[in-house]
Every structure is written in C-alpha cells, then in structure tokens.
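Written out below as structure tokens is the structure these notes cover.
A short reminder: the numbers here are calculations on the coordinates, not readings from a lab. On a predicted model such as this, the values are computed, not experimentally measured, just so you know. Don't worry about glycine lacking a Cβ; one is built from the backbone with ideal geometry, like all the others, and counts go over all protein chains shown.
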Amino acid sequence: MNRRPALLALAMLALLFAAAPDASACAACFGKSDSKLAEGMNAGIFALLGVVGSVLFAIAAFFCFLVRRAATHPLPIPSEPQVELSKL
C-alpha cells in the first residue's frame, strides 16, 4: 500500500491549519454581553425555547385529551361474538 498520498494530504491540511489567521470570537465569548450580537443571540435562544415548549405542551395536551376521551367514551364490550357480514 502506498501511504504517500495520505501523508501528503495530512501534511497539507496541517499546514493549512497552521497558516490560518486567528478566529475572531463573538461578543459573548469576549464577555461584552450588552452588544447587539449578544441581544440577538439571546432572542434566538428564547424563540427556540418558546417553539420547543409549545410543541411539548401540545403533545401533552393531546395525550390528556386522549385520556379524558377514553374515560368518558369507553369501548363497548360485546356480549356475544360478532358475525362477519361475508358469512351471512
């Protein structure tokens, strides 16, 4: 097996990462929490929490509806076996 292309690719990738400029951190990482970027990020987090919370509430409400409906409308228990219509 020839490992030379894989080693060459790995060396080029390491060189690319070493030559890359430093990444700039966002306002939350720098600790400047009163910037517009931090406010927008907080608004996005609260919006996602609202969506997830409303979906979970809707699922819980649906199961509560099913439980209440099952309690008020029980299935009838047949007293004798039912005959299929095709056998009549």
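Assuming R0 = 25 Å, can you tell me the calculated FRET efficiency for the pair residue 42 and residue 17, based on Cβ-Cβ distance, to the nearest 0.05? With a Förster radius of 25 Å, E is 0.20. The order of 41, 12, going from fewest to most other C-beta atoms within 10 Å of their C-beta, is 12, 41. Per the Kirkwood formula applied to alpha carbons, region 35-74 shows a radius of gyration over Rh ratio, Rg over Rh, of 1.42.
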